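Heads up: the structure comes next, in structure tokens.
The values are calculated or read from the model by the stated rules, or taken from the named source; none is laboratory data. Worth saying up front: this structure is predicted, and the values here are computed from it rather than measured. No Cβ is skipped: glycine too gets one built from the backbone with ideal geometry, and neighbour counts run over all protein chains shown.
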Amino acid sequence: MEPTIKKGQIIIVNKLQYLRSSPKRNDIVLIKPIEGIFEKGVWTHRIIATEGDMVIISDGIVTTNDELVDFPEVHQDVNEKVEVPTGFVYQKGDNRKTIHGLVPIRAVQGKIIFSF
């Protein structure tokens, strides 16, 4: 998640946040390991789309529902168009070296509310 959250920083996570609501666009969240995606440890990533949203990554530009998502260092070689299905969110870290894509909402452990 660099530069937003740097390695070694302490984070505070609200694990109750999503008991009554779902993750929203631009939330920074903690995601538990998921077979085939995040095999080890937990990850901090930003939600860029929620159920029913259309994500398009083309030539390094990311849009959600035709609105620009500001990622200055998106993989330049990635081109995809994804409609987020029910029960999923589309997530990405804030730098180009991170995994991005669909994850089940049930894997989102909480919202990061503070880091230092």
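Looking at (1) exposed (fewer than 15 other Cβ atoms within 10 Å of the Cβ); (2) within 21 Å of Glu35 (Cβ to Cβ); (3) at pLDDT 90 or above, which is the one condition that is false for Asp66?
The one condition Asp66 does not meet is (2).
Quick one: would you say Lys24 is under 17 Å from Gln91 (Cα atoms) and at pLDDT 90 or above?
When the stated conditions are applied, Lys24 passes them.
Considering segment 92-111 alone, what residues qualify as being part of a strand (DSSP E or B) and either modelled with pLDDT under 90 or over 23 Å from Lys15 (Cα atoms) (or both)?
Across segment 92-111, the qualifying residues are Lys92, His100, Gly101.
Scan segment 72-90 for residues that are part of a strand (DSSP E or B) and modelled with pLDDT of 90 or more and jot them down.
Lys81, Val82, Glu83, Phe88, Val89, Tyr90
Can you find a residue that is assigned to a loop (DSSP other than H, G, I, E, B), at pLDDT 75 or above and not small (Gly, Ala, Ser) anywhere in segment 35-48?
Looking through segment 35-48, at least one residue is assigned to a loop (DSSP other than H, G, I, E, B), at pLDDT 75 or above and not small (Gly, Ala, Ser).
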